[in-house]
Amino acid sequence: MNTPATPASIDRQRYQRLIRFFAGVLAHLFWWDILLRRLAPGRVLASRPGRWRGISRRFRQLAVEMGGVLIKLGQFLSSRVDVLPPEVTEELQGLQDEVPPERGETMLDVMRAELGDLDGHFAYVEPEPLAAASLGQAHRAWLVPHDARLERGAPVVVKVQRPGIERLVQTDLAALRVVARWTMRYPPLRRRADIPALLEGFAETLWEELDYELEADNAERFAEMFADVDGVYIPLVYRRHSTRRVLVLENVEGIKITDLEAIEAAGIDRRLVADRLLDTYFRQIFREGFFHADPHPGNLFVLPRNGQEWESGTESRPFYLIFVDFGMVGRIGELRSNNLRRLLVALTQQDARTVTDVASDLGFLLPGADRDRISQALAAMLAQSWGRTLQELTQPDPAEVQQMMREFKDILFAFPFQIPQDFIYFGRAIGMLSGLSSLLDPSINIWRKIEQYGRELMQREGAAHAGLEELLNAVRPLLSLPGQLQRVLSAAEQGRLIVQTTPDAATVERLQRLERRMTYLQLTVLTGAGLVSGTLYFLRRRRQDKEH
């Protein structure tokens, strides 16, 4: 239902308020980053982080006050690390948690407008919301029981759209389309992304989220995908009680995936939860090409399983990993899916050249990017990260960062990366997934997952990849090596092992001949080609911080 707005379909007062806000932001950018930058570049550079943070804070306050699309826009912008400065993305993270709920009676009125007499559907609906989001909110309820002797039937969660939300969406998108055209006059953004095209992709996803019948289809597809997987549970959809604006799902209440104390108290091994979470996403992305794009903690639960023998203190208690909220999903076309599989195999082999080629094919490199130079940087970064845990990857050695900055400062200045429009939600989901996995199990070794799924992929695709089996066997021993030893061996193999001693002239000459450029790259499969952009953005930010 991505229909153009008409004068009658939008709220003029709201529209004008949004236009004024964004016009002020763009005027600020024009004054500081175009005019004053020519007169006082030092002052502009020094003040930039604070100015960006102030703009982001004002937008955040406006979004919480006005709701609607602005909350979603803030979440969307927080994932654009390739376009926006960290002061923006950091300020907008967690914006969803500040959404005020609608009154319970107001939401009951929406349910009555959609379903008629609620007594024919529900024995009881809790007026207080279970959760509130930008487009709707959820309430606990119980269906009318089939057995007259029972007071209540099956427990359910009723997801209800906020009243008038479609008009708010029309209004906000109409204003944002005007702003998107304005932004294309700003060279730094114009070089980095097609803002109007990104907005249309954002709008399409937004309208899909407002179609609860489509969300019901998504939930049923996920249930079919995981029907043969023991340990993953998708709630049932009650179609008879659902409409386009009201969705009724089975209420399967479990432990929030970030409640580590409750998970451990239930006798569940957090490491197994992290492992299962990654397994489900590898399956969604690399097998199905269809994935849950909003894995924030409120949409993932852990449910201890009953009816199975388990004694406290012996081993992990069996459990289900539960997914909820299927309004935001990602679809990977066949061509994209083939390239992601190529990426998986290339990472397994630490093949930086193929990783670069795949990144280019997927649209992560800007036109004219120096592939040879990028391959060198990716190779060096992979050598530093191979075998490290997620926790280690998030806490890089400052000396290694400085070395990368010196070695590849030309790339950091040019920064020839972007995130394609159809990978925005993929990157956002992967970022959330990485954070959850490292929280559950800081010692998790993502490289084992690469090896595992690389092997399964080649087995499924048969003889075409038969020759890669030997390469996997060669790589596997490295997965068990301590990260530091592994990096020493890699440096020695590449001729960059530096031995500190008191050398004579001949030794100095020999050691100098051993020094060459790094040949591997720091990259994890979780972010795929997107992490290439994100990692180098991090390094660029460190350089900027040092300059300030």
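By how many nm would the segment from Asp147 to Arg51 grow when fully extended, if each residue of separation counts as 0.36 nm and the alpha-carbon distance is taken off?
Difference between extended and current length: 28.3 nm.
Run the Debye formula on the Cα coordinates of segment 90-141, all scatterers equal and no solvent, and tell me log10 I(q)/I(0) at q = 0.14, 0.18, 0.23, 0.32 1/Å.
-0.42, -0.61, -0.87, -1.31
Go through segment 248-290 and name the GluC sites (Glu not before Pro) that are in a DSSP coil and have 15 or fewer other Cβ atoms within 10 Å of their Cβ.
Hits after loop and neighbour filter: Glu253.
Mark the label point 7 Å from the Cα of Trp182 along Cα→Cβ and return the residues of segment 196-239 whose backbone N is within less than 15 Å of it.
It comes to 196, nothing else.
In whole Hz, what ³J(HN,Hα) sequence does segment 403-408 give by Karplus (6.51, -1.76, 1.60; θ = phi - 60°), x for Gly and Pro?
Along segment 403-408, the couplings run 5, 5, 5, 5, 5, 10 Hz.
Assigning unit charges at the beta carbon (Lys, Arg +1; Asp, Glu -1) and nothing else, what dipole magnitude in debye, to the nearest 20, does segment 59-162 show about its Cα centre? Each step should come with its number before you reach the end.
On the way: 10 positive and 17 negative charges, 47 e Å.
Magnitude of the dipole: close to 220 debye.
Quick one: if the Förster radius is 35 Å, what FRET efficiency do Val229 and Gln93 give, using the C-beta to C-beta distance and rounding to 0.05?
0.65
Rounded to the nearest 0.05, what FRET efficiency is calculated for Arg305 and Met405 with R0 set to 56 Å and r the Cβ-Cβ distance? If you can, show how the numbers build up before the last one.
Details: r = 49 Å, r/R0 = 0.88.
So the FRET efficiency works out to roughly 0.70.
Spin-label point model (7 Å from Cα, Cβ direction): what's the Tyr124 to Asp422 distance in nm?
4.9
Specify whether the C-alpha gyration tensor of segment 117-223 places it in the rounded, prolate or oblate class, a ≥ b ≥ c being the square roots of the eigenvalues: rounded for a/c under 1.5, otherwise prolate if a/b is larger than b/c and oblate if not.
Since a/c reaches 1.5 and a/b is larger than b/c, the shape of segment 117-223 is classed as prolate.
Values quoted throughout were computed directly from the atomic coordinates according to the rules given, and no laboratory measurement underlies them. Nothing here was measured: the structure is a model prediction, and the numbers come from that model. Neighbour counts are summed over all protein chains in view; Cβ atoms, including those assigned to glycine, are modelled from backbone coordinates with ideal geometry.
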